[in-house]
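Heads up: the structure comes next, in structure tokens.
The values are calculated or read from the model by the stated rules, or taken from the named source; none is laboratory data. The shown structure was predicted, so the numbers you read here are calculated from the model rather than taken from an experiment. Because the Cβ atoms are built from the backbone with ideal geometry, glycine has one as well, and the counts that use them run over all protein chains shown.
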Amino acid sequence: MKSEIDWRDLWAKDDVKIWEHLEHVEMAMSKICEHLYYTFDTRLARKGAILHDVGKAHPHFQRKIKPIGFVSLAEEVKWGYTHRHELSSLAFLPAFPREEWDVLIDMVVAHHRAIIHDAREGGILDLVDRDRRWMTQHLQDWEEWHEYGRCILQYFGYDCPAISREEAAAALWYAVSYCEKKANGWSRWRGLLLAADHFASAYTFQTGSRLSRLFKKPDLSHVNARQGNELYPLSKLKIDDSRPHTMVSYPTGSGKTEFLIRRCMGRICYLLPYQASCNFMYERLKTLLPFDNVDIQHGTSISLGSRKERSERLAPSLVGASVKVMTPHQVIGIVLGTHGFESIMLDLEGCDVILDEIHTYEGITQAMVLEVVKTLVRLNCRIHVATATMPRCLYNAILEILGGVESVYEVTASVEVLDSYDRHTIHLLEDDATVPGILETAIGGEMKCLLVFNRIDAAQKAYEKYEQMFKGVPVLLIHRRFSRLYRRKAEKRLQQLNRKKVPCIVIATQVVEVSLDIDFDLMLTQCAPLESLIQRMGRTNRTGRHPTVPVYVLTPVGSSWPYNKEILERSYALLPQDGEWHERDIQSKLDALYPSLNLREIDSHLIYYNDRYGIRELTNVRNPILSMMMKSDCFTCILKEDESRYKKAGWQQRLMMEIPITWGIIKGNRLEGTQLSVGSKPFVVNQTKSSHQKMGLMLKEEKSS
């Protein structure tokens, strides 16, 4: 690096100078500090925002970000070492009072890498252990480039006298000693710097204008538009109760969403079990909260709406949105300690969190969600739980976590209300031989038909069959293995079919069970656990347009996957044959099906257990095994036809090509060797776009039997 380079010309990113990026981070830091639940020293936080990337003035970083072309062997040897710019930043600690160093180290030293056991061995203690020359390398050419750092600090109003190499080295050794003494716990200061840095990096030169939208309390004045409507009995109930938490047990379609939103007092985080449900809830919340920034977040963040709408929405992984719609898999980092968990905890702290249909989680996921609730309580969140089908054992467990009746406003439907929801008759089918005739009669009667399958491959086969059988009738397939683009189109068409008074057939999987405000006239479903069957029933005769509507349930035969075979058989045995389904009997049936709560043992994987933290401050857990075992859609794939376009596209275009999948699907279909190194690092699938648009992803699911 030549000495005549002006400090204003040093790069932080491909298109952002160091001083510009630090200016953006400082703006974000000031706004975030002002509004978080926890009170930070804003003056000190701003210092960390400025200091954190000053080390990018180091010649190693500048050579890396703006390659100079041909590099000789001698230069490769000279510069071929691991350089962490955050460590070079800490060499400027002497510019600040000694009593501020500890907090500044907390903010700066691990904003990219954990201090130890980093996946790339790039943490400060990793480097100390494995490279005896780390100090010399991070202070290479110090006498030249540290003048740039001084100019940057002085630009932001911090007096920075000349710092000798010896003083810089002493500061770095102090940072090493400080990190070596770190106890277990979590660092709010690290989370704060991450939050501000990520926001500024996402919006760069738009940071200032975007900040005006952060931390706004949602306007709830339009939420109870259904007030007094007989179809929505919860709209008649008052929300006034001094207890912080809420548990609502009411039938599907009774207005639980609106009631719980009315109970909220601050920013809202809405947790739903399925990614597809997040999209539908996003559309509902845009109607309920038309003047607020409704931010949607799930496994792989998706951008919805027109180009203008996309440009107006906050990036979903960032702090401060008025409302977020997410899956629990987006927040499990707060119990597993994945990278960035501190920022998530700061953002959630003191907020209202709505957990919709918490009964749908099972096994490891159920145990994990309960641990998330425990953490949210420790973070002073107000928890609001909605369910139509929760076994008493699970209800009592959540009630205890929330502090019991002294802390929880319980709202339970009366027998009279339950009886008013007797809107279905159950008909058990030994096989699917009579299904075509049932559908033909229904279509002739101008009925909208919903078919629900437990597995995607079964839904795909049914779609092929009935699309051919009922030509001229709209037939729609919807499940979670479509690309973002085609899933969005399917969701839009589903809402259109729901509004039209014409016969149609919609074939779906479990994605229709939660938070879909759709209303069909007939349902045919594979047998599922009782609570899932009840949720599926709630997508028919939702508004009580008919005295009753028929629900046909197929006898469970063959593979029970993804469900437990015994649970399926016991659920089926609890159903009436050609009889009316009574809502007042649901609770006793659920309690008979689930007499006790059998939680999976996960304590050894948690960062907090037995009332103490088991993770060291300024560190995080690499690739926690439980996140893989939860079978969440935390990986993506793309079609082979999209590979070239994906590599050249921007992040918004890439998102629309991505298809969510699990690790089990990757292994089961031997996709490991197809992974790309750009974007979200998707795996590549050999399937034509025309086939995918119609059927969705055609891969083996995680089990075949």
Given the conditions (1) in a loop (DSSP other than H, G, I, E, B); (2) crowded, with 16+ Cβ neighbours inside 10 Å, which single one is not true for Glu406?
(2)
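Regarding Ser532, is this residue small (Gly, Ala, Ser) and either assigned to a helix (DSSP H, G or I) or touching a residue at least 24 places away in the same chain (Cβ under 8 Å) (or both)? Don't jump to the end; show me each part of the working.
Details: small (Gly, Ala, Ser): yes; either assigned to a helix (DSSP H, G or I) or touching a residue at least 24 places away in the same chain (Cβ under 8 Å) (or both): yes.
Yes, satisfied.
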Of those in segment 506-545 that are charged (D, E, K, R) and within 27 Å of Lys565 (Cβ to Cβ), the residue nearest to the chain's Cα centre (by Cα) is Glu513
Selection over segment 339-363 where residues are surrounded by 20 or more Cβ atoms within 10 Å (Cβ to Cβ) and under 22 Å from Arg392 (Cα atoms) yields a count of 8
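Residues checked against (1) within 30 Å of Ile615 (Cα to Cα); (2) surrounded by fewer than 18 Cβ atoms within 10 Å (Cβ to Cβ); (3) touching a strand residue (DSSP E or B) at 6+ places or on another chain (Cβ under 7 Å):
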| residue | (1), (2), (3) |
| --- | --- |
| Asp141 | no, yes, no |
| Ala162 | no, yes, no |
| Ala175 | yes, no, no |
| Arg210 | no, no, no |
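Suppose we keep only residues that are touching a residue at least 24 places away in the same chain (Cβ under 8 Å) and not in a strand (DSSP E or B) within segment 571-581. Which one would you say is nearest to Leu593 (Cα to Cα)?
Selected residue: Ser571.
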Which condition from (1) outside the structural domain of Val103 (by TED's automatic domain parsing); (2) farther than 30 Å from Thr360 by Cα is the one that Ser187 breaks?
(1)
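Got a number for residues in segment 557-570 being aromatic (Phe, Trp, Tyr) and either part of a helix (DSSP H, G or I) or within 13 Å of Leu533 (Cα to Cα) (or both)? Explain how you work it out, then say what you get.
Restricting attention to segment 557-570, the residues satisfying the condition of being aromatic (Phe, Trp, Tyr) are 561, 563.
When the remaining residues are screened for being either part of a helix (DSSP H, G or I) or within 13 Å of Leu533 (Cα to Cα) (or both), the result is 563.
Result for segment 557-570: 1.
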Within segment 548-563, is even one residue closer than 28 Å to Cys278 by Cα and free of Cβ contacts under 8 Å to residues at least 24 places away in the same chain?
yes
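Give the number of residues within segment 418-444 that are part of a helix (DSSP H, G or I) and more than 30 Å from Val369 (Cα to Cα).
Residues of segment 418-444 that are part of a helix (DSSP H, G or I), as a first pass: 418-419, 435-444.
Add one more test, that the residue is more than 30 Å from Val369 (Cα to Cα), and what stays is 419, 435-444.
The qualifying residues number 11.
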When segment 37-64 is examined, which residues are found to be over 29 Å from Leu139 (Cβ atoms) and touching a Lys or Arg at 6+ places or on another chain (Cβ under 9 Å)?
Tyr38, Phe40
Selected residue (criterion: farthest from Val405 (Cα to Cα)) from residues of segment 234-249 that are modelled with pLDDT under 95 and in contact with a helix residue (DSSP H, G or I) (Cβ under 6 Å, 6 or more places away or on another chain)
Leu234
Can you pull out every residue in segment 367-398 that is within 26 Å of Ser571 (Cβ to Cβ), surrounded by fewer than 21 Cβ atoms within 10 Å (Cβ to Cβ) and of a type in the set (S, T, N, Q)?
Asn396
